[in-house]
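Data first, discussion second: the structure below is written as structure tokens.
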Amino acid sequence: MRVFWIMIAGLLAVSGAAHAQVGYDRKGGDYTSFKVPNGDPAACAARCERDARCRAWNFSFPHTASASSICWLKNSVPPPVADDCCVSGVRGAGVVEPRRVAISRTRSSCRGGARAASPA
């Protein structure tokens with residue numbers, strides 16, 4: 001019975017959590033930034049979780065193929081502003097949206113010889 005209540009408490013904690021905001025930038029409050037070579041917003045959120053000064057974060061997708069993704073950690077919680085460049089969040093919120101990855105597949109790697117389309 002005790003295990004049942006622990007599971008219920010865990011589900012309630014997870015279901016009440018806020019999530020990252022895809023397509024929003026949080027301008028201002030930056031105290032540090034760093035490149036995110038793997039292009040995953042979750043890396044930015046995780047870094048914020050580990051830094052006691054961090055209150056919010058902003059992950060910026062690269063603007064060109066040769067650029068890197070950038071994570072901005074913030075010591076305040078600026079209001080979100082609609083902008084497709086970014087994923088932003090508040091400490092403790094997590095990430096919903098996976099990283100953007102261009103996938104290139106050859107004919108031999110696809111089932112039935114069909115060529116898979118790459119996401120934009």
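Since every read-out is calculated from the coordinates, none of them should be taken as a lab result. The model shown is predicted, which means the values in this text are computed figures rather than measured ones. As a convention, Cβ positions derive from the backbone with ideal geometry for all residues, glycine included, and neighbour counts pool all protein chains shown.
Lys/Arg Cβ at +1, Asp/Glu Cβ at -1, dipole of the stretch 19-100 taken about the Cα centre: which of Q21, A82, A56 is farthest positive-ward?
A56
Highest mean first, what order results for 20-26, 32-38 on Cβ atoms within 10 Å? Walk me through the intermediate numbers first.
On the way: 20-26: 18.7, 32-38: 13.6.
Taking the mean over residues of other Cβ atoms within 10 Å, the ranking is 20-26, 32-38.
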